[in-house]
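Remarks on the structure that follows.
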Amino acid sequence: MSKKKKNLKKKAKSEKTKKLSSPLSWLGWVLPIFAFFLYSNTIYHGFVLDDDLVCNKNKYVQAEGTSGLKDIFSTSLHQGFTGNPDRHYRPMMMAAFSIEKTIFGNKNTTFHFFNIFWFAVIAGLLFLLLKEMFRDKSIWLPFGIALLYISHPIHTEVVANIKSRDEIFVMLGLVGCLYTLLKSEQNTDKKKFWQIASILFYSLAILSKETGLQIIALVPLTLYFFTQEKNLANILKKSSVYLIPVVIYFLLRSKFTGDNGQVLGIIDNSLYAAQNMGEQLATAISMTGKYLLLLFFPHPLSFDYSAYQIPIVGFGDWRVLLSILVWGGILFLGIKGIKNKNPISYSIFLFLIMFALVSNIFFLTGVTMAERLIFTASFGFSIITGYLLFTYLYKEDKPIPFFIALSLITLLYSYKTWDRNAAWESNETLFATGIETAPNSSRTQSFYGKRIYDLAMKSSDPVEQKKLVEESILYYNRSLEIHPGFTDVHHHKGVAMDFLERYGEAKTSYENAIATKSDYHLSICNLGLVYAKMGKLEKAIELLRQSHEIAPYNTTIKNNLIAISLNIRDHFRSQGNIETAIYYDQQVKLLRGEPVENPRTLEGAKEKDRNGSGNNN
């Protein structure tokens, strides 16, 4: 075929595509509107889980006006809440919170509104990207794929949870980066503009969360599958420019983050409970199978999958073997379709690239499993689903089967999404659903127990209070049955026993908490207070001092230490042990930052009192 004929054929194909697309261009507006409506019932939701860390109680976000922006970009993720540096550098999310708070007010509705708003923006950009990817197809293909992605219930954790704005910005960066990348290949007049825009979108992603770094692998993949570029060297050359923001990111991260000494454990990631590397890998593989299952059948959904909702298993477990078989088939299909640039092959590799580093396969992450972790990867699943529906059900003269199938799936997805949104209204609703959807999670049982205890503290009826506190202990016990080494639960159980004046059991619970974590200052402090209530003041002082040394910034511990020191001072004074009383009085002054003359030591003061010299003062 001559070059002229090829050009004429290509032009005719382009005209056909334009004819198919133009009358339905309004579809691009339907998707953002639909996305916003689908999550509109979350606007009045409250703050839940880690929202306090990155937004509601983060001092840099809450600083007057936007004065905290400098600190946000020059400190680590949780530093504005804990005061200590950590390993994560994700400034874009908190910068957005700071700006939104300043302009629209520091309200939960503000942050939830913008979560939905940015998700709607993603919906619009997604449609544009898919139109560029499938330029030779009917507009109903990109519309269908985008609709499936938008309505999928597995995204509720991200859109309905303020803290997950980082995931939203990563997806926004991904879609924007790839869309502008394809535009730069097709528009020679504004090539530089689109290239710069693509790099900026990528920068947004990596400054929102480190998982955005993986997008760089999608750049050459997208150039190969969806452009006329065939030369591998040229593809790699065009992709290399995206290393610039990567280098800048790591320079910023190395400068502004640090190691806070946090050691991850079983409650963070249950894979730490595996007896060996084989069990660890096998369980991680079974979890990847669970992710796939939730993509195909998103029920039930849970905010938590920690110890031991997902059981530790070996390679002989059927779930592991089935997962290996399924993933082997998926990888085979992905490799098979590379040569002929099959969109399903592209989608498989997109999923694998965005999922790989959060899968726990290559290294253990800070979380066992979470629905939010496949917010970006699920885009690949949506492309596959939509493409298969379109390929086998859509005919230009008979499109009805495609529309029926797409409508049915979207309707089911949307119903589940709307219903699941309600669970994220508050910690109370989230924890109540958690014990149903993840009954074998130690964390969900403990959270629900704490919720009941908090309800007891709000009650003015002593009988109801006692009943609720006793009920909370049942959930604490269930949590400890699942994971006996859960430090926080031992502590909370001690608090509940303390409230019921069952001091012996409270003492045991606090001691159990300390046994699992020797520097757990909250339990050391409370154990000291229990000793005080049991009349053992000197032991109480010893423990309170120990907790104060561990956490000198904790004003509650310091105030408790002052109060017990004053009590013991008065006790010794009433016994005529004046020197010892003076010693404790001096200790109080030191805690308050007051000057002390001729400071005593406890041993010296007691010696003087024993010799009778103290009575002469």
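The values are calculated or read from the model by the stated rules, or taken from the named source; none is laboratory data. Computed from a predicted model, the values in this text were never measured in an experiment. Quick reminder, even Gly has a Cβ in these numbers, built from the backbone with ideal geometry, and neighbours come from all protein chains shown. Just the protein is used for accessible areas: all its heavy atoms, side chains included, with ligands, DNA and RNA removed. Shrake-Rupley method; radii C 1.70, N 1.55, O 1.52, S 1.80 Å.
Data for the structure
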| read-out | value |
| --- | --- |
| Candidate set: the stretch 21-69, residues that are in a helix (DSSP H, G or I) and among the small types (G, A, S); chosen: the one most open to solvent (accessible area, probe 1.4 Å) | S22 |
| Some residue of the stretch 149-163 being of a type in the set (S, T, N, Q), touching a helix residue (DSSP H, G or I) at 6+ places or on another chain (Cβ under 8 Å) and within 20 Å of F296 (Cα to Cα) | yes |
| Options I168, I162, I139: the member that is among the hydrophobic types (A, V, I, L, M, F, W, C) and in contact with a Cys (Cβ under 6 Å, 6 or more places away or on another chain) | I162 |
| Subset of the stretch 239-259 [of a type outside the set (G, A, S) and open to solvent by 70 Å² or more (accessible area, probe 1.4 Å)] | L243, I244, V247, I248, F250, L251, K255, D259 |
| Boolean, I473 is crowded, with 16+ Cβ neighbours inside 10 Å and touching a residue at least 60 places away in the same chain (Cβ under 8 Å) | no |
| Residue within the stretch 80-100 that is open to solvent by less than 40 Å² (accessible area, probe 1.4 Å) and touching a Gly at 6+ places or on another chain (Cβ under 6 Å) present | yes |
| Of the criteria (1) over 30 Å from W140 (Cα atoms); (2) without any contact (Cβ under 8 Å) to a residue 40 or more places away in the chain; (3) of a type in the set (D, E, K, R), which one E436 fails | (2) |
| L480 vs. criteria of a type in the set (A, V, I, L, M), open to solvent by 30 Å² or more (accessible area, probe 1.4 Å) and out of contact with any Cys (no Cβ under 8 Å at 6 or more places or on another chain) | no |
| Condition broken by F73, with the remaining ones in (1) buried (at least 18 other Cβ atoms within 10 Å of the Cβ); (2) closer than 20 Å to L213 by Cα; (3) of a type in the set (F, W, Y) satisfied | (1) |
| Residue selected from the stretch 298-323 under the condition surrounded by fewer than 16 Cβ atoms within 10 Å (Cβ to Cβ) and more than 22 Å from the chain's Cα centre (by Cα), by the criterion farthest from E279 (Cα to Cα) | L322 |
| Selection status of F296, farther than 28 Å from I330 by Cα, aromatic (F, W, Y) and out of contact with any helix residue (DSSP H, G or I) (no Cβ under 7 Å at 6 or more places or on another chain) | no |
| The lone exception for G314 - which of (1) within 21 Å of L223 (Cβ to Cβ); (2) at pLDDT 95 or above it fails | (1) |
| Only listed residue being aromatic (F, W, Y) and in contact with a His (Cβ under 8 Å, 6 or more places away or on another chain), chosen from Y272, Y308, Y249, Y291 | Y308 |
| Filter result (open to solvent by less than 30 Å² (accessible area, probe 1.4 Å), without any contact (Cβ under 8 Å) to a residue 40 or more places away in the chain and under 26 Å from I150 (Cβ atoms)) within the stretch 101-113 | T110 |
| Close pairs from the stretch 58-84: first more than 24 Å from N554 (Cα to Cα), partner open to solvent by less than 20 Å² (accessible area, probe 1.4 Å) and of a type in the set (S, T, N, Q), Cβ under 6 Å, at least 6 apart | T66/S98; L69/S98 |
| Qualifying positions in the stretch 252-308 - acidic (D, E) and not in a helix (DSSP H, G or I) | D259, D268, D304 |
| I335 under 30 Å from K230 (Cα atoms), in a helix (DSSP H, G or I) and open to solvent by 50 Å² or more (accessible area, probe 1.4 Å) | yes |
| Any chance E603 is modelled with pLDDT under 80, open to solvent by 70 Å² or more (accessible area, probe 1.4 Å), in a loop (DSSP other than H, G, I, E, B) and among the charged types (D, E, K, R) | no |
| Residue within the stretch 525-537 that is under 29 Å from I266 (Cα atoms), surrounded by 20 or more Cβ atoms within 10 Å (Cβ to Cβ), within 30 Å of the chain's Cα centre (by Cα) and not β-branched (V, I, T) present | no |
| Flag if I338 is in contact with an Asp or Glu (Cβ under 6 Å, 6 or more places away or on another chain), among the β-branched types (V, I, T) and over 30 Å from I72 (Cβ atoms) | no |
| Pairs with Cβ under 8 Å, 6+ apart, first in the stretch 338-364 and open to solvent by 50 Å² or more (accessible area, probe 1.4 Å) and at pLDDT below 95, second assigned to a helix (DSSP H, G or I) and β-branched (V, I, T) | L357/T211 |
| Of residues in the stretch 232-263 being within 21 Å of T75 (Cα to Cα) and of a type in the set (D, E, K, R), the one farthest from the chain's Cα centre (by Cα) | K255 |
| Filtered residue count, the stretch 381-407, keeping only those that are outside any helix (DSSP H, G or I) and surrounded by 13 or more Cβ atoms within 10 Å (Cβ to Cβ) | 2 |
| Filter result (among the polar types (S, T, N, Q) and not in a loop (DSSP other than H, G, I, E, B)) within the stretch 101-119 | T102, N108, T109, T110, N115 |
| Residue check, M369 modelled with pLDDT of 95 or more, touching a Leu at 6+ places or on another chain (Cβ under 8 Å) and closer than 19 Å to V158 by Cβ | no |
| Of the criteria (1) under 25 Å from L200 (Cβ atoms); (2) among the β-branched types (V, I, T); (3) open to solvent by less than 30 Å² (accessible area, probe 1.4 Å), which one T283 fails | (1) |
